[in-house]
Amino acid sequence: MHPSLTLHGKRILLIIGGGIAAYKSLDLIRQIKKHGGAVRVVMTKAAQEFVTPLSAASLSGHKAYTELFSLNDEAEMGHIELSRSADLVVVAPATADIIAKQAHGLANDLASTLLLATDKRVLNAPAMNLRMWLHPATQRNVTQLTADGTLFIGPDEGEMACGEYGPGRMAEPLDIVAAIAAALQGAHILPLPNQPLAGKRVIITSGPTHEPIDPVRYIANRSSGKQGHALAAAAVKAGAEVVLISGPVALPDPDGAQVQHVNTAREMLAAVEAALPADMFISTAAVADWRVEDAGTHKLKKDKGEMPALHLVENPDILATIAQRRDQRPHLVVGFAAETDHVLDHARAKLARKGCDLIVANDVSAAGGVMGGDANEITLVTAAGLEPWPRLSKTEVAEKLIAHFAGLL
């Protein structure tokens, strides 16, 4: 037994929510008792579809409570007393429904009534499908509860019972025990579910670049910056210190990010290098490959209807420059490959040529509506192989990518 996990003499009220992860809660009961704590268990109606009150009672050594309106239970220990006799209230698994009820002060069953009536700290161990976890409503509820002083442990990232992979797995019982010990010692900061990048510095480029031809004309592309800005917002939410280097876009700056506005590829590279060192670099910007070598200082005029000669030179390759640095190379360098044909072939070649760790490939041909649109369909390309993702909103893509990158770090 690790001495820092001693729960000797501590009383834990464990609320088991309805989810497949409820089976882990039986081991959690065992681990709490093994480390010296006492456990009383409350089970939601949905939880009883996965584990039985008899199993919880046998492991805890006390009756498992299930009903709000039970004369026998109220006579034995009223629900107000049950909510306040513990040193800590733990919800594991904490489903999206239980989290929502806590955030909004609902009390329509025994579990939610206890959570509203308790005067003790509450520790949630979320478990749900990754789409439910990443949904803006769930994230708003978690943010509100965190502001209210509620603690969280997890969720972990991994394969779930539904077959999807991502954040949503309930933390392992021993990790929850460690969080319980920390909470009982008065810790206010636990591994927060929405801050896997806490303490990390992330540089992100976004949008197009504008390469001047003359004072009024330029070379550019149709990138809106929506994906890059969504990544910056997701990284901020994940707890990172974010530097967003943005080309010209018609988007508001993401809250919480340090934003630098640039126009040209050379300005963008200089801003990226000035922002180093960093733990992660995400090169989302659609940088113009070429620029006019000698941009006009005056507006170019038609000369007998003939097009003026424009001599183009290659712009610096920002992704390759950062990926191939010998000093201050970020631990994780991610590039984007926006292609219109042979997408995966081009992405594989780009991965090898640039020297980055991962390429996010997407088809930006007109038929897909990705360039400038609100949805994206990507494939992760690494030396190990391909991982195609379904079509999602750019916000969902960003949140899922940030969670994936955090796991790689």
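None of the figures in this text is laboratory data; all of them are computed from the coordinates on show. Fair warning: this is a prediction, and the values are worked out from it, not measured in the lab. All Cβ positions, glycine included, derive from the backbone under ideal geometry; neighbour counts span all protein chains shown.
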Open item on the list: Modelling each spin label as a point 7 Å along the Cα-to-Cβ direction, I'd like the Leu312/His342 distance in nm, to one decimal.
Closed with: 1.9
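If you rank Ser55, Ser223 by fewest surrounding Cβ atoms within 10 Å, what's the result?
Values: Ser55 17, Ser223 25.
Ranked by crowding around the Cβ, least crowded first: Ser55, Ser223.
Please tell me which of these pairs span more than 25 angstrom C-alpha to C-alpha: Lys226/Lys400; Lys101/Lys200; Lys33/Lys120? Present the calculation step by step, with values, prior to reporting the outcome.
Working: Lys226/Lys400 15 Å; Lys101/Lys200 32 Å; Lys33/Lys120 20 Å.
Over 25 Å Cα-Cα: Lys101/Lys200.
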TODO: Starting from the Cα of Lys34, draw a straight line to each of the lysines and keep only those under 22 Å, dropping any in the same chain fewer than 8 residues away.
DONE: Lys10, Lys24, Lys63
- [ ] Provide Trp389, Trp133 in ascending order of the number of other Cβ atoms located within 10 Å of each residue's Cβ, fewest first.
- [x] Trp389, Trp133
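By per-residue mean of other Cβ atoms within 10 Å, what is the highest-first order of 238-251, 199-212, 142-155? Could the numbers behind the result be given before it?
Details: 238-251: 21.4, 199-212: 24.4, 142-155: 18.9.
By packing density, highest mean first, the sequence is 199-212, 238-251, 142-155.
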TODO: Apply 1/(1 + (r/R0)^6) to the Cβ-Cβ distance of Asp148 and Arg84, taking R0 = 25 Å, and write down the FRET efficiency to the nearest 0.05.
DONE: 0.90
- [ ] Could you rank the peptides 323-334, 274-285 by their average count of other C-beta atoms within 10 Å per residue, with the highest value first?
- [x] 274-285, 323-334
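On a full-extension model of 0.36 nm per residue, what is the gain between Arg30 and Ser393, subtracting their alpha-carbon distance, rounded to one decimal in nm?
Details: separation 363, 0.36 × 363 = 130.68 nm, distance 4.17 nm.
Length gained between Arg30 and Ser393: 126.5 nm.
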Task: Percentage, to the nearest whole number, of Cα pairs in region 201-408 over 27 Å apart - done: 29
- [ ] Please give, to one decimal in nm, the separation of the simple spin-label points placed at Thr6 and Gln185, each 7 Å out from Cα toward the Cβ.
- [x] 1.2
Task: Eligible aspartates and glutamates near Lys45 by straight Cα distance, threshold 15 Å, same-chain separation 8 or greater - done: Glu67, Asp97, Asp109
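Rounded to whole Å and sorted largest first, what semi-axes of the equivalent ellipsoid does the C-alpha gyration tensor of the chain yield via the square root of 5 times each eigenvalue?
Details: eigenvalues 556, 72, 67 Å².
Semi-axes, largest first: 53, 19, 18 Å.
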Open item on the list: Which of His298, His261, His229 has the fewest other C-beta atoms within 10 Å, and how do the rest follow up to the most?
Closed with: His298, His261, His229
TODO: Note down the net charge around Val313, summing +1 for each Lys or Arg and -1 for each Asp or Glu among other residues with Cβ under 14 Å from its Cβ.
DONE: -4
Task: Cα centroid separation, region 82-98 to region 316-343 (Å) - done: 45
- [ ] Give the cross-link partners of Lys237 among the aspartates and glutamates, using a straight C-alpha distance below 15 Å as the criterion and excluding same-chain residues fewer than 8 apart.
- [x] Asp253, Asp255, Glu396, Glu399
Open item on the list: Using just the Cα positions, wrap region 3-184 in a convex hull and report its mean projected area in square nanometres, one decimal place.
Closed with: 9.4
